[in-house]
Each structure stands twice: as structure tokens, then as C-alpha cells.
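Enquirer: Sharing a structure here in C-alpha cells format.
The values are calculated or read from the model by the stated rules, or taken from the named source; none is laboratory data. Since we're looking at a predicted model, the values are computed, not measured. Cβ sites come from the backbone with ideal geometry, for glycine too, and all protein chains shown count toward neighbours.
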Amino acid sequence: MEVCAPCHSRRSRIAPAHPGEPFLDGYDPALLERGLYFPDGQIREEVYVWGSFLQSRMHAQGVTCSDCHDPHSLEIAEPDAVCAGCHRPEVFATPGHHQHPEGSEGASCVACHMPARTYMGIDARRDHGFRIPRPDLAGALGTPDACTGCHADRSPAWASAAAGRWWGEPEPHWTSMAPVERVRGDLPPWIRASALAELPGSGNPRAMATLVEASRDPSALVRLASARLGEALEPDARWQVMSPLLRDPRRAVRLEAARSLAGLGPTASRREEDALLQEEVMEELEASLALVRDRPAGLVQRGDLARRLGQHDQAERAYRLALELGPWFVPAAVNLADLLRLERRDEEGEQVLRACLERVGPTLPESAALHQALGLLLIRGERHTDAVPHLAQAAKLRPLDPRAGLLYGLVLEAVGRHEEARPYLERYGGNTGPPRREEPPQDAK
């Protein structure tokens, strides 16, 4: 996995790396993020299979890439034959199991357990989560399912009823668990780490206790995800929880801990030797950012760090340069507008958001953050009616995001549309995480 992950994952480079070295010493990976994965963890955008494989029972049982793929050609002569090496064909390669005629496409193991998604119109790539078909989730979450992927003229409800007759009621899926329970549950570390980003805000003691526990987790992925959320902690608690991660054996964790502590003023618990260590890791972070200074994502990271350090002029330059390189790059526009908000320059921020929205398009999933930021800006200017369509679009594009739903409900209430607001306020009230700046997606290969 350490050899394969650098090419077959969605990640950004943080240091020069050599094959076989620990993955998190050279790269910072994307987790289950909106737009990259479907809510149940299936691949959506270009994520290169590493993240889906980490969710699988196969990975949990010690299966590695080379157990199925030739390590040089990456080819598999006959996928179903590879499956039969571990899974008895007399049990699983039968109509009693797959419920399809022998020799048909639906009788293939990979058709049901590794559905493919096509990229760039030509590259069919299979999900490596090795999931059982869950048409019930497709109906509830709007996710793809293998059944209606073939039976396109049928509904998820039809497929779910058939699956229930054949295989019985499915086990509860982790998507039904609250984020705190996912982090603490007996789930793959990749899913537990991803759940940290969905924790409620800093006013929730159980969520903050879960974040503290995660910073000490045996899994480096979970520790990395906890370091990304260090700013949710109060300053003194942040130093106590995050400073030990400056000594973490994995570079990605150390750098993220340094980011969370950047700009933090003196605290009662800070020791002189820890402050010196922080300076060392900050130098490591600066070297890491230099590797990606020619990319919009790297410039946004540079701007975010400058902002944490109170260097607003440098942050603005970095964000604006990111937008020069990529006028469509949503995190740069959102974070620049937020910086301008701090300086009471919302008029300029509105221009930035509208320009990026025009480039991206108002209906693509990536535009949700722009609509939300613009809606909040308009509300600050007491232009509530103008904010409604933007917050409506954000809620539409992010149907599973409680913050988007709550904000839409609140603006509807503010303009007197009480009946329309009620279902959003009843469903999402008090169920949102802390507001966060838009994080740049991890760079593709």
C-alpha cells in the first residue's frame, strides 16, 4: 500500500518521497469530502481508488494491492478468477447467490461488488470498496447502486425490495451513525477520520472530547484528521491537545498540527522547549508549501497560513495569485472574500465571489461554497431577499449539509416566509458544525 498509494490516491505532496516510505511522510491525502466521494464512500470524482480500498473488508483483513494485481503491469487476467482464490465459487458463483443467469453480466463478481464509474468519457474505473449492493441507500442518500446501474429503467425502491427478498434485510450502514459514534466506532480508520469533519461545533462537549481522543488515536489518519480541526479548540486546550502532535512520527500530522497552532498567542501550558519544537516544524511546513507554490491549492494553503499568523497583506496576495492561476478555484475566492470581510471590504468580496461563480457556473456542486459565502455576505449587508436564491442553491447542492439547510431556513424566516422556513429549522436547528473556511481539495496526480 505504501508503494501504490502515492500514485493511486487523491493527495498533495508535502515532501520529497521515495517508493516504500511511509505515505504520510510525503503526502497529505483527501478523506471522504463532499464532491470527491458520495455520502456512502463510493468514488465520485478522480480519487484513484486508494480511499475506497481503505474502506473495504478486504483491506481490514490484510489483503494488499499485489494480491490481486500484477505489481508491474497492474493487470488482472480474469477478475472473477481472482475472487475465486479466496471466495469459494461453489458458494458465491451460483445463481442462488448472485440471482442472475450463469454467464450473464450480472453474474460477475465485479458487476455487483465493484461497479465502475467512467472518467473523461473513456476511463472506466472500478470502486475498490468491495461493497454489497445497497439500493436502500441509493433511495435514502441519492448514491449510485449496482442494481439500478444496470437496470436503469427501474427504481432504487424496486431494487431494494428484490434485494430484501433474496438476501434479507441489510445491516445498518455507518451513514446512519452520528459523527461522534463513527469516530468512536469499530469502523475502518479512513471512515473514522473522515467523520471528524462532521462533528458539531465547539459548544458540544462530547464532540470536543471526541476530537481530543482522536488526537491520540493509534491510526495516523485519525490523528491527521484531528489536527486539521485543531482550531475548533479554545487556545489553551488547543495547545495542550495539538502540541504533542508536533512530535508525531508522520510528517503530515506534524505539519497539520503546526498549521492549527500558527498564530496562537501565549498560553498557560506552553513550555519553552515546545515553542522551539513548534518553530522547527513551522520551518518544515514552509518547505512543504514551497513545493506547491505554483498551484492554486498551494497558494491557498500559503494564504491560510499567513492569515493565521495575522499577515493579511501576504494572505491577500496569495489568494489573488491563486485566482490569477485558476479563476475557477473556489477555495481561493471564498477565503479571499472572508479575509476581505474581516477588513470591512465586503463590496470587494462580493465582486470576487460573483466573478468566480460566473466562471464555475451556478449549478455545479463546486459552486455551493460560493453561493453560501455570497448569501452570508448579502445578509451582512441587510440584503436578505437577495440572499435567498443563493442560500437556496447552496442547500440544494449540499442536501446532506446541516449548516446549508439551517442557513436557508434562517434567511427564509428573516424575509417572512415562515411556512417554508419551518421544515428546515425543525430539521437542522442546533445540528451544525463550526463555520470553517473552504479548504482546497487535495491535488490530483
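Enquirer: Can you say whether ARG307 is touching a residue at least 24 places away in the same chain (Cβ under 8 Å), within 28 Å of GLY26 (Cβ to Cβ) and surrounded by fewer than 20 Cβ atoms within 10 Å (Cβ to Cβ), as far as the supplied structure shows?
Expert: It is false that ARG307 is touching a residue at least 24 places away in the same chain (Cβ under 8 Å), within 28 Å of GLY26 (Cβ to Cβ) and surrounded by fewer than 20 Cβ atoms within 10 Å (Cβ to Cβ).
Enquirer: Further question on the same structure: Return yes or no: is LEU342 buried (at least 20 other Cβ atoms within 10 Å of the Cβ) and of a type outside the set (Gly, Ala, Ser)? Lay out the reasoning, then the answer.
Expert: Details: buried (at least 20 other Cβ atoms within 10 Å of the Cβ): no; of a type outside the set (Gly, Ala, Ser): yes.
So LEU342 fails the test.
Enquirer: May I pose another question? At pLDDT below 50 and in contact with an Asp or Glu (Cβ under 8 Å, 6 or more places away or on another chain): is that true of ALA444 in this structure? Before the answer, list the steps.
Expert: Details: at pLDDT below 50: yes; in contact with an Asp or Glu (Cβ under 8 Å, 6 or more places away or on another chain): yes.
Considered against the rule, which asks whether it is at pLDDT below 50 and in contact with an Asp or Glu (Cβ under 8 Å, 6 or more places away or on another chain), ALA444 comes out as yes.
Enquirer: With out of contact with any Lys or Arg (no Cβ under 6 Å at 6 or more places or on another chain) and buried (at least 18 other Cβ atoms within 10 Å of the Cβ) as the only criterion, which of CYS68, CYS86, CYS4 stands out? Spell out how you get there, then give the answer.
Expert: Values: CYS68 fails: buried (at least 18 other Cβ atoms within 10 Å of the Cβ); CYS86 fails: buried (at least 18 other Cβ atoms within 10 Å of the Cβ).
Going through CYS68, CYS86, CYS4 in turn, just one is out of contact with any Lys or Arg (no Cβ under 6 Å at 6 or more places or on another chain) and buried (at least 18 other Cβ atoms within 10 Å of the Cβ): CYS4.
Enquirer: Based on this model, can you work out whether ARG228 counts as farther than 23 Å from GLY203 by Cβ and either surrounded by fewer than 23 Cβ atoms within 10 Å (Cβ to Cβ) or modelled with pLDDT of 90 or more (or both)? Outline the logic, then answer.
Expert: On the way: farther than 23 Å from GLY203 by Cβ: no; either surrounded by fewer than 23 Cβ atoms within 10 Å (Cβ to Cβ) or modelled with pLDDT of 90 or more (or both): yes.
Answer is no for this residue.
Per-residue answers, yes or no, for (1) in contact with a His (Cβ under 7 Å, 6 or more places away or on another chain); (2) of a type in the set (Lys, Arg); (3) in contact (Cβ under 8 Å) with a residue 40 or more places away in the chain:
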residue: ARG13; (1), (2), (3): no, yes, yes
residue: ALA17; (1), (2), (3): no, no, no
residue: PHE23; (1), (2), (3): no, no, no
residue: ASP28; (1), (2), (3): no, no, yes
residue: GLY41; (1), (2), (3): no, no, yes
residue: VAL49; (1), (2), (3): yes, no, yes
residue: GLY62; (1), (2), (3): no, no, no
residue: ASP70; (1), (2), (3): no, no, no
residue: ILE76; (1), (2), (3): yes, no, no
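Here is a yes/no grid of residues against (1) modelled with pLDDT under 95; (2) within 20 Å of ALA17 (Cβ to Cβ):
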site: LEU233; (1), (2): yes, no
site: GLN240; (1), (2): yes, no
site: PRO249; (1), (2): no, yes
site: ALA252; (1), (2): no, yes
site: GLU256; (1), (2): no, yes
site: LEU277; (1), (2): yes, no
site: ALA290; (1), (2): yes, yes
site: ARG295; (1), (2): yes, yes
site: VAL300; (1), (2): no, no
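Enquirer: Look at the stretch 39-62 and say how many of its residues are surrounded by fewer than 16 Cβ atoms within 10 Å (Cβ to Cβ) and not charged (D, E, K, R).
Expert: Matching residues across the stretch 39-62 total 3.
Enquirer: Six or more apart or on different chains, Cβ under 8 Å: which pairs go from a residue in the stretch 122-147 that's closer than 19 Å to PRO172 by Cβ to one that's basic (Lys, Arg)? Could you list them?
Expert: If the second residue must be basic (Lys, Arg), the pairs left are PHE130/ARG57; THR143/ARG134; ASP145/ARG134.
Enquirer: In addition: Do any helices (runs of 4 or more DSSP H) entirely within the stretch 204-266 hold 1 or more residues that are hydroxyl-bearing (Ser, Thr, Tyr), and if so, which? Even if it seems obvious, please write down each step before you answer.
Expert: Details: elements: 205-214, 220-228, 235-242, 251-261.
The helices (runs of 4 or more DSSP H) meeting that bar are 205-214, 220-228, 251-261.
Enquirer: Need a quick list: helices (runs of 4 or more DSSP H) entirely within the stretch 4-97 having at least 2 residues that are over 27 Å from the mean Cα position of the chain (by Cα) and more than 30 Å from VAL330 (Cβ to Cβ).
Expert: 65-68, 79-84, 89-92
Enquirer: If you check SER215 against the conditions, is it crowded, with 22+ Cβ neighbours inside 10 Å, of a type outside the set (D, E, K, R) and modelled with pLDDT of 95 or more? Break it down into steps so the answer makes sense when it comes.
Expert: Working: crowded, with 22+ Cβ neighbours inside 10 Å: yes; of a type outside the set (D, E, K, R): yes; modelled with pLDDT of 95 or more: yes.
Yes, satisfied.
Enquirer: With respect to ALA225, determine if the residue is in contact with a strand residue (DSSP E or B) (Cβ under 7 Å, 6 or more places away or on another chain) and in contact (Cβ under 8 Å) with a residue 12 or more places away in the chain. Give the derivation first.
Expert: On the way: in contact with a strand residue (DSSP E or B) (Cβ under 7 Å, 6 or more places away or on another chain): no; in contact (Cβ under 8 Å) with a residue 12 or more places away in the chain: yes.
No; evaluated as a whole, the condition is false for this residue.
Enquirer: Further question: In the stretch 46-65, is there at least one residue being over 24 Å from ASP123 (Cα atoms) and among the polar types (S, T, N, Q)?
Expert: Looking through the stretch 46-65, at least one residue is over 24 Å from ASP123 (Cα atoms) and among the polar types (S, T, N, Q).
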